[in-house]
Amino acid sequence: MSDRESMPYDIVIVGGGPAGLCAAIKAKQKAAELGLELSVCILEKGSEIGAHILSGAVVDPRSLDELLPNWRDMDSPLSVPVTENHHWILTEGKKYEFPHGLLPPFMQNKGCYTVSLGNLCRWLAGQAEALGVEIFPGFAAAEVLFHDDGSVKGVATGDMGIGRDGQKKDSWQPGLELHAKYTFFAEGARGHLSKQLMKRFDLCKDSQPQIYGIGLKELWDIPAEKHAPGRVIHSQGWPLSDANGGGFIYHQANGQVAIGFSVWLNYDNPSLSPFDEFQRFKTHPAVREILEGGRRVSYGARAINDGGWQAVPKLTFPGGALIGCSAGFLNVPRIKGSHTAMKTGMMAAEAAVEAIAKQRSNDELVAYGAAYKQSWVFDELKMVRNVLPAVEKFGNVIGTALGGLMMWMEYLGYELPFTFKLSPDYKHMRRKGEAKKIVYPKPDGVFSFDKLTSVFLSSTNHEEDQPVHLRLTDPNVPIEVNYALFDEPAQRYCPAGVYEVVGVEEGNPRFQINAQNCVHCKTCDIKDPSQNITWVVPEGGGGPNSPNM
């Protein structure tokens, strides 16, 4: 501890995504309104702002309208409005168009934009820096610091230059402590510090367990004659048979389409591979027609909060708050969470600045929790709270119809007197002999690809001589339990080839972790049936380097 330098700030924000950046901007705006000098800093583990951002994305500008009302005149990357909405029901070889008019108005994407969320974050970072916010990319917050009374004091970045053996190398540099009156955790889905805080302060005691999906995405350059800027396509059905989820195709700027696939992580077939389901999706005739003649240019994957309204934990604790996807505000039916994440950051910032103006610090920002419960975010999530659980409970056909009916009832003012419960994803896994084994076709190298080729396109890079950032609580569990019972599903749920079982042919199976491949999706931390894997941050700057994701 004595080797660390420390820097004091009024507000420290962990994570340079939409929630963290909007919190910083709002904090500076509010401080200016009150005539208050305020120091704000953002720590971002990626090599630059946007490097670790991955989303579809179709963005609802509602929060941006509140934060920067003249954003349309500020050279924003939100330049492609949604012009068409399509919802496909896919079977093997066939496509059926679902009438979009049967969906409630809030599902229509009117006024929304299709955009690279990474580029939006880079633009927001510029707005934040213009207001005096200090942004430190390449610095990963590795530890929460506490005062003697138990309140959050700030965070410390990880040491640089630690070898794989845990010893200091010649390049060793100690981490940096950042002390704050209030610390916001905006780490995204399954943030490793947020996870610790939830446990320490028992933030989830009054909420349902958070559940997740994995989203996989590629960018393709496609022929000009096939490109229709603003066209938005969502799909459900094929190729999934043992899971829920679906695909998306967004026609974005510069002749590109963002194509992706999400799989809910409550699936129970241990042979299912979300990555390979995505690759199969692209071979469907309706999808292949769009991609034919095109070129894949980027790849990535990320866990998604799917729990919704009933899974939002308590948001505050002494000295800090959870904002954005660290808590989980995705509207699953709309497939949108950026606007809600941004708004929660803004609400937390207002509460913190008002507290600092009253000479408070390191106490609980109860005003933020109260503001959330009075906000449109709360109302929007509550309206759709039963849709995902209905599909999980009753299946794609009946569940989707029931979910649609419930959305219409809630939209028309008939509040349902019940809320479906949720169950943690890791509890859903049949043993290997109980489920039909899925055999995936080999990639064709044109529309479908293998994992390692895909990881290369994500520009993922880690310093190899560093401690493995995927920690096993018990190193014997992967073979003695997971391999024996489930054929070690980590080999398949990981979208980057991080986990392998080697030595099987020699009769000596061993669990191998290729940590350098990790694209920071966090799926292993979520889906491991033994809850034996813990994802922690590697050295700052490591991981994917997504250009336009």
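The values are calculated or read from the model by the stated rules, or taken from the named source; none is laboratory data. Please read all numbers here as calculations on a predicted model, not as lab measurements. Every residue, glycine among them, receives a Cβ derived from its backbone with ideal geometry; neighbour counts consider all protein chains shown. Please note that ligands, DNA and RNA were not included when accessible areas were found on the heavy atoms of the full protein model with its side chains. Shrake-Rupley method; radii C 1.70, N 1.55, O 1.52, S 1.80 Å.
Mind jotting down the three principal axis lengths of the range 1-119 based on Cα atoms? Whole angstrom, largest first.
That gives 65, 36, 25 Å along the principal axes, largest extent first.
List the extent of the Cα atoms of the range 395-549 along each of their three principal axes, largest first, rounded to whole Å.
Principal-axis extents of the Cα atoms in the range 395-549, largest first: 58, 42, 36 Å.
How about Lys336: which aspartates and glutamates have a C-alpha closer than 14 Å to its C-alpha, ignoring those fewer than 8 places off in the same chain?
Answer for Lys336, where 14 Å is the Cα cut-off: Asp60, Asp306, Glu380, listed by chain and number.
Lys28: which lysines have alpha carbons under 18 Å from its alpha carbon, excluding same-chain residues fewer than 8 sequence positions away?
Lys181, Lys343, Lys358
Report the accessible area of Val439, computed with a 1.4 Å probe over the heavy atoms of all protein chains in place, in Å² rounded to the nearest 10.
120
Is any residue of the range 420-434 close enough, with backbone N under 14 Å, to a label point placed 7 angstrom from the Cα of Lys393 along the Cα-Cβ axis, and if so, which?
420-423
Mind checking which lysines have their Cα closer than 19 Å to the Cα of Lys195? Skip sequence neighbours fewer than 8 apart in that chain.
Straight-distance partners of Lys195: Lys45, Lys153, Lys205, Lys314, Lys427, Lys522, Lys527.
How large, in percent, is the carbon and sulfur part of the accessible surface of the range 242-292 at a probe radius of 1.4 Å?
38
With every protein chain left in place, what is the accessible area per residue of the chain in square angstrom, probe 1.4 Å?
Solvent-accessible surface per residue comes out at 41 Å².
Just the ratio, please: alpha-carbon radius of gyration of the chain over 2.2 N^0.38 Å, N its number of residues.
Rg over 2.2 N^0.38 Å, computed on Cα atoms: 0.93.
Quick check on the chain: of the DSSP beta bridges with both residues there, what percent are antiparallel, nearest 5%?
Bridges in the chain are about 70 percent antiparallel.
Of all the accessible heavy-atom surface of the range 353-402, with the other protein chains kept in place and a 1.4 Å probe, what percent is carbon and sulfur?
58
Mind listing the phi-derived Karplus ³J(HN,Hα) values for the range 409-415, rounded to whole Hz, using 6.51, -1.76 and 1.60 with θ = phi - 60°, and x for any glycine or proline?
Using θ = phi - 60°, the values come out as 4, 5, 4, 7, x, 9, 6 Hz.
Ranked by accessible surface with a 1.4 Å probe, highest first, in what order do Asp202, Asp149 come?
Asp149, Asp202
Once neighbouring chains are kept in place and the probe is 1.4 Å, which whole percent of the accessible area of the range 1-88 is contributed by carbon and sulfur?
Ligands and nucleic acids excluded, carbon and sulfur reach 47 percent.
Ranked from the most accessible area to the least, with a 1.4 Å probe and all protein chains present, what is the order of Val312, Val446?
Output order, biggest surface exposure first: Val446, Val312.
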